[in-house]
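Student: Handing you this structure, nothing more for now.
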Amino acid sequence: MSDFLAEQEIEVFSGFDPAHLESAPDLVVVGNAISRGNAEIEEILDRRIPYISLPDALREFCIRGHRSVVVTGTHGKTTTTALIAWIFQSAGRDPSFLVGGIPNNFGRGFQSGSGEEIILEGDEYDSAYFDKAAKFLRYMPEVGVINNIEFDHADIYNSVDEIIVAFRRFVNLIPRSGLLVSCADYETVRGVSARAFCPVESFGFAADALWQPQAVRVTEKGLSFGIVHAGELLGEVEVALAGEHNVRNVLAAVAVARNAGIDFGSIRSALAAFTGIRRRLELKGSEGGVAIYDDFGHHPTAIQETLQGFRQRHAGARIWALFEPRSATTRRSVFQKEMAEAFAKADAALIAPVDRPDKAPAGQLFSTEMLADDLRRRGREALAVSSVDEMVGYLLAHLRPGDVVISFSNGPFGGIHDRLLKGLKKK
């Protein structure tokens, strides 16, 4: 972001200092990573400088005046939002959009278009230290998408029931003239969708879903399957994505696009031209017959579904999964058991140390050694390493041609991808 701002000739300050506010800004946008005690927020409060949360700023300066399409769910938000934005763009609708990743087709995570729609990735994390409401409650949805609802964000929510309440509130914001597109494969989603005042269109593998896939096949490019609506086959699509979860993401995007009046031929062409998202099963490079991938996944369900799809795409290959417990939830033990079930989908797993372990509540620290032990009991090769350096050294000593490596982290993972590629090149 700082690089982008600099390219736009916008001054960027590093660190936090009250001196940055000497120009007396008209309004300060406060991100949800900022809390009381921050030098600048204290200055803002002392001087009564007007401030606003980022979600509220988006609503007032970007969303208002547009038809808001908000994509939510524990997983799949970024991919689904990018798919919808690309379909609308390809159909000549010139939408505005904001995605929590970088779609390769656009090369940027946002666009201010001339079209009627704004397509937003809406997550359930809190808005600001002074506004603990979920971000998506500020986005004025006319069309809402719910991919799934599971427990996440253990630093914000105490249970999945609390998360369900946030999604109920989201559904309650969609006007009667709007639309809710919801996944029929999750009982949690069915429950909140039943309370909608607007029309609801379901999607998924469930027998009663309005939008369903037919004859899903793994192809050299990715996935190929038929799109069935209300029992009628509309046609077959092909997309450069992997895994059952991405079949659902495509179904949701197709449902939104068709309801916006985009013809199926345009949708099919857009899907065929979709080139994915950075850090979503992204190929970083290949050396010595070893392919290195990167993925943003840090929830056990997302990791498991990604590895299952990865296995289909790389049948017969030895799959190495690398994991860095770095998010506010993964550094806690809340998913200790579930992570073992997820990483058992790989042949081998290397686990990096927990990032900033002091941030985990007392007695709730995720155990990398326990995860490695659990995986070994399941017959997998597994090792909890003391550093990324040790992980790189171990891999370079054990990787062989035909292997594939995929890392899971919501951070840079110590530059492991470039280090592995350089090391493999020297072998």
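Student: For the stretch 208-232, enumerate the residues that are out of contact with any strand residue (DSSP E or B) (no Cβ under 9 Å at 6 or more places or on another chain) and either modelled with pLDDT under 95 or under 19 Å from Leu180 (Cα atoms) (or both).
Tutor: Glu220 - this is the single residue of the stretch 208-232 that is out of contact with any strand residue (DSSP E or B) (no Cβ under 9 Å at 6 or more places or on another chain) and either modelled with pLDDT under 95 or under 19 Å from Leu180 (Cα atoms) (or both).
Student: Among the residues of the stretch 201-220, are any surrounded by fewer than 20 Cβ atoms within 10 Å (Cβ to Cβ) and at positive phi?
Tutor: Yes: one or more hits.
Student: Then there is this: Within the stretch 159-177, which residues are within 30 Å of Val334 (Cα to Cα), surrounded by fewer than 18 Cβ atoms within 10 Å (Cβ to Cβ) and of a type in the set (Gly, Ala, Ser)?
Tutor: The answer is Ser159, and nothing else.
Student: Go through Leu251, Leu180, Leu233 for me and flag whichever is surrounded by fewer than 21 Cβ atoms within 10 Å (Cβ to Cβ) and either closer than 23 Å to Glu150 by Cβ or not polar (S, T, N, Q) (or both).
Tutor: Within the list Leu251, Leu180, Leu233, the selection yields Leu233.
Student: Going by what's in this entry, would Gly122 be described as at pLDDT below 95 and surrounded by 20 or more Cβ atoms within 10 Å (Cβ to Cβ)?
Tutor: no
Student: Farther than 26 Å from Leu420 by Cα and over 22 Å from the mean Cα position of the chain (by Cα): does that describe Ala362?
Tutor: yes
Student: While we're on this one: Tally time: how many residues in the stretch 233-247 are among the hydrophobic types (A, V, I, L, M, F, W, C), in contact with a helix residue (DSSP H, G or I) (Cβ under 9 Å, 6 or more places away or on another chain) and in a strand (DSSP E or B)?
Tutor: Number satisfying all stated conditions: 3.
Student: Scan the stretch 397-418 for residues that are under 27 Å from the mean Cα position of the chain (by Cα), buried (at least 20 other Cβ atoms within 10 Å of the Cβ) and part of a loop (DSSP other than H, G, I, E, B) and jot them down.
Tutor: Asp403, Ser409, listed by residue number.
Student: Please find, within the stretch 400-427, the residue that is farthest from Gln304 (Cα to Cα) out of those that are among the β-branched types (Val, Ile, Thr) and touching a Leu at 6+ places or on another chain (Cβ under 8 Å).
Tutor: Ranking the candidates gives Ile416 first.
Student: Looking at His417, is it within 19 Å of Leu281 (Cα to Cα) and not assigned by TED's automatic domain parsing to the domain that holds Thr74?
Tutor: The answer is yes for His417.
Student: Any residue in the stretch 233-249 that is within 23 Å of Arg311 (Cβ to Cβ), at pLDDT below 95, of a type in the set (Lys, Arg) and in the same structural domain as His75 (by TED's automatic domain parsing)?
Tutor: no
For every residue, the table says whether it meets (1) buried (at least 16 other Cβ atoms within 10 Å of the Cβ); (2) hydroxyl-bearing (Ser, Thr, Tyr).
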{"residue": "Arg36", "(1), (2)": "no, no"}
{"residue": "Ala39", "(1), (2)": "no, no"}
{"residue": "Tyr51", "(1), (2)": "yes, yes"}
{"residue": "Pro55", "(1), (2)": "yes, no"}
{"residue": "Ile63", "(1), (2)": "yes, no"}
{"residue": "His66", "(1), (2)": "yes, no"}
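Student: Would you pick out the residues in the stretch 157-201 that are under 20 Å from Ala260 (Cβ atoms) and basic (Lys, Arg)?
Tutor: Scanning the stretch 157-201 gives a single hit, Arg176.
Student: In the stretch 355-396, which residue that is touching a Pro at 6+ places or on another chain (Cβ under 8 Å) and over 30 Å from Arg313 (Cβ atoms) is surrounded by the most Cβ atoms within 10 Å (Cβ to Cβ)?
Tutor: It comes out as Leu365.
Student: Here's something else I'd like to know. Considering only the stretch 1-55, state which residues are more than 32 Å from the chain's Cα centre (by Cα) and among the hydroxyl-bearing types (Ser, Thr, Tyr).
Tutor: Ser23
Student: On the basis of being part of a helix (DSSP H, G or I), outside the structural domain of Thr74 (by TED's automatic domain parsing) and modelled with pLDDT under 95, does Val392 make the cut?
Tutor: Considered against the rule, which asks whether it is part of a helix (DSSP H, G or I), outside the structural domain of Thr74 (by TED's automatic domain parsing) and modelled with pLDDT under 95, Val392 comes out as no.
Student: Additional query: Can you name the helices (runs of 4 or more DSSP H) wholly within the stretch 7-116 that have at least 3 residues being without any contact (Cβ under 8 Å) to a residue 40 or more places away in the chain and either more than 30 Å from Asp152 (Cβ to Cβ) or touching an Asp or Glu at 6+ places or on another chain (Cβ under 9 Å) (or both)?
Tutor: So the answer is 39-47.
Student: Same structure, new question: For the stretch 276-302, which residues satisfy the criterion of being among the β-branched types (Val, Ile, Thr) and at pLDDT below 95?
Tutor: Ile277, Thr301
Student: Then there is this: Pick from Glu124, Glu201: which is farther than 30 Å from Glu40 by Cα and either out of contact with any helix residue (DSSP H, G or I) (no Cβ under 7 Å at 6 or more places or on another chain) or of a type in the set (D, E, K, R) (or both)?
Tutor: Glu201
Student: If you don't mind, there's one more thing I want to ask. Can you pull out every residue in the stretch 1-34 that is polar (S, T, N, Q) and exposed (fewer than 10 other Cβ atoms within 10 Å of the Cβ)?
Tutor: Gln8, Ser14, Ser23
Student: One residue is enough: does the stretch 167-187 have a residue meeting the conditions β-branched (Val, Ile, Thr), farther than 19 Å from Pro141 by Cα and assigned to a loop (DSSP other than H, G, I, E, B)?
Tutor: No, that holds for no residue.
Student: Scan the stretch 139-156 for residues that are assigned to a loop (DSSP other than H, G, I, E, B) and either hydrophobic (A, V, I, L, M, F, W, C) or under 18 Å from Val256 (Cβ atoms) (or both) and report the count.
Tutor: Total satisfying the criteria: 10.
The values are calculated or read from the model by the stated rules, or taken from the named source; none is laboratory data. Keep in mind that what you see is a predicted model, and the values were worked out from it rather than measured. Glycine gets a Cβ as well: all are built from the backbone with ideal geometry, and neighbour counts include every protein chain shown.
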